[in-house]
Amino acid sequence: MENKKRKITYSSLLAVFILLILLNIGSMLLHLNGLEIHMYGYSVEGTIVSYEIRKTSTESKSYQCGFECKYIDSKTGKFYSTITYYPVANKVDSKEWCESKIGKPIELVIDKYGNCIARRDMTFDLIQWILLPRGILIIVGIIGIIVIVVKKCYFDKHKQIIKQQDSETSEPVYNFVIDDIYCECIESFIASLNVKNKTKQKEVCGMTAMEAKEYTSQYGNLGSKYIYWQGKTIRRNSKQYNELLDRANVEQQKNKLL
């Protein structure tokens, strides 16, 4: 039952991850021209026609130079333009450098929808996409899906193979009853001693050895100085503990002799 619930949880998380990723990718593609141009763009040689030096923001002390770039398609006569920004020191010291760029060629990229962007800005656009919170969420989501898929396809399959090999090579399992509690095998009984809750402990006793070990490894009290049996707390390796194990072995031996 626990394994079934766990599988349902994994499947639900996987579905949520996929949904979030699809929604975010759709949103990012709609608002990010750089990505769209990456997919559909072709390169042309434009010209820098003007510039403007200004602060990056009203409160910032840093400056940037915005170069206006233009391109006219000789076949269709269609006009394209875009602005690309370069960081500069200030208005005075950078004026000569900015003026030297006027009339110089610059590589532009145009897509089938008429969007135009400087080739150099496409890299910045992608970096911005990766560093945005939504971009990070998508990357984390993809990694999460890969981990889940690898776990499902490899580790779970590997676990099933080991389980099958164990069932084929292990000795016959003898169940028994102790203190009116049914135990599938001695391993399940020993594993159940790490579970404090009486109801859960009874469920663990009825599991196979592998299921019981897997359950107690996640939810049990492994490594504690104490074990539990039907509401009683017993110190591990004490006389009472050894007597309990002896009783369990005796009950199992009875079934072996039948």
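The values are calculated or read from the model by the stated rules, or taken from the named source; none is laboratory data. Please read these numbers as outputs of a predicted model, since none were measured by experiment. Ligands, DNA and RNA are excluded from the accessible area calculation, which covers all protein heavy atoms including side chains. Shrake-Rupley method; radii C 1.70, N 1.55, O 1.52, S 1.80 Å.
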Take the alpha carbon atoms of segment 208-236, find their center, do the same for segment 179-199, and report the distance between the two centers in whole angstrom.
-> 8 Å
Carbon plus sulfur, as percent of the 1.4 Å-probe accessible area of segment 216-257, comes to 45 percent
Given pairs LYS78/LYS104; LYS70/LYS95; LYS61/LYS104; LYS225/LYS254; LYS70/LYS91 and cut-off 26 Å on Cα-Cα distance, the over-length ones are LYS61/LYS104; LYS225/LYS254
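Taking all protein chains together and a probe of 1.4 Å, list TYR113, TYR85 from the most accessible to the least accessible.
Numbers: TYR113 135, TYR85 85 Å².
The residues order as TYR113, TYR85, largest area first.
Keeping the other protein chains in place, figure out the carbon and sulfur percent of the accessible area of segment 39-106, with a 1.4 Å probe. Don't skip to the answer; put the middle values down first.
Details: 2370 of 4730 Å².
Accessible surface attributable to carbon and sulfur in segment 39-106 totals 50 percent.
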Got a number for the accessible area of THR47? Probe 1.4 Å, square angstrom, nearest 10.
-> 60 Å²
Under-5 Å amide H pairs with MET207, H placed in peptide plane, nonlocal only | GLU184
Heavy-atom accessible area per residue - segment 188-258, 1.4 Å, Å² | 61 Å²
